[in-house]
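The values are calculated or read from the model by the stated rules, or taken from the named source; none is laboratory data. What you see is a predicted model; the values in this text were computed from it and never measured. As a convention, Cβ positions derive from the backbone with ideal geometry for all residues, glycine included, and neighbour counts pool all protein chains shown. In case anyone asks, the SASA skips ligands and DNA or RNA and just uses the protein heavy atoms, side chains included. Shrake-Rupley method; radii C 1.70, N 1.55, O 1.52, S 1.80 Å.
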Amino acid sequence: MYEQNLQGSDLSIDSALSMGVHESQSLFWERHIGKCPAFFQWATPMLNDQLKLDASADDLYSAVNAIDFSNFIRVEADELTYPLHVILRYTIERQVVSGELSVNEIPSTWNKMMKDFLDVEVTEDSKGCLQDIHWSMGAIGYFPTYLLGAMMSAQLHHYCTKDLDVGVLVAKGEFKEIREWLTNKIHKHGKRYKSLDDLLLAETGEILNPKYFVEYLTKKYSELYKIE
């Protein structure tokens, strides 16, 4: 959707600004639209019909957003524990690049950090340091873009809700105005701005601010798990 709404020329300016921005666009729809309560108000009748279920919107919302602290795999992680998977990988690759950690030490360091972060015992490297393709293909420093995208998507959602009644639109299955908002704020600009921060400053009034991501996770999971 991001690339479909770029200006469409063959010029460099009409391409995605960065992988962090790219990731923010997929996470905006996946998390802030597709995993919000309003989405399940709209989608539950269709899901019940197509999957032969008898579930309430609350049942499906809770199931889709459940936390799994026993999970080993980054791509299967829930959005609350996912940042820890990214922090683990970025910490290790920084230590390897700086010479603080040898390649042979990666498995044991990984396993210790998984235990420290998530209390998970990694018993085989296929569920540990060998589960991703990034390092083997030379994509060192790529993992942080996932977390940058998560923070940016939360910030965009915050500002989108100031301009649009997002919950009402989603509950009715009306996504056009949301897409157009993103196109005007993000998509159409391509590489007009020098950085993610410059883009956010121009279009939302502030550079990347992690508080929106923290507030989003805190509010969502406090309500979901009834934590006061």
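Below are the figures for this structure:
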{"quantity": "Residue 122 vs. criteria in contact (Cβ under 8 Å) with a residue 40 or more places away in the chain, surrounded by 14 or more Cβ atoms within 10 Å (Cβ to Cβ), over 18 Å from the mean Cα position of the chain (by Cα) and closer than 22 Å to residue 39 by Cβ", "calculated": "no"}
{"quantity": "All positions within region 125-178 that are polar (S, T, N, Q) and either surrounded by 18 or more Cβ atoms within 10 Å (Cβ to Cβ) or within 23 Å of residue 103 (Cβ to Cβ) (or both)", "calculated": "126, 131, 136, 145, 153, 155"}
{"quantity": "Failed item, numbered, when residue 78 is tested on (1) without any contact (Cβ under 8 Å) to a residue 24 or more places away in the chain; (2) outside any loop (DSSP other than H, G, I, E, B); (3) open to solvent by less than 80 Å² (accessible area, probe 1.4 Å)", "calculated": "(2)"}
{"quantity": "Residues satisfying the stated conditions in region 153-202, i.e. more than 30 Å from residue 46 (Cβ to Cβ), assigned to a helix (DSSP H, G or I) and without any contact (Cβ under 8 Å) to a residue 40 or more places away in the chain", "calculated": "197, 198, 201, 202"}
{"quantity": "Residues being in contact with a Gly (Cβ under 6 Å, 6 or more places away or on another chain) and over 25 Å from residue 142 (Cα atoms) - total across region 8-46", "calculated": "2"}
{"quantity": "Contacts under 7 angstrom Cβ, first residue in region 24-35 being under 13 Å from residue 178 (Cβ atoms), partner open to solvent by 10 Å² or more (accessible area, probe 1.4 Å) and not aromatic (Phe, Trp, Tyr), 6 or more apart", "calculated": "25/1; 28/157; 32/157"}
{"quantity": "Within region 1-45, considering residues that are among the small types (Gly, Ala, Ser) and over 20 Å from residue 212 (Cβ atoms), the one surrounded by the fewest Cβ atoms within 10 Å (Cβ to Cβ)", "calculated": "12"}
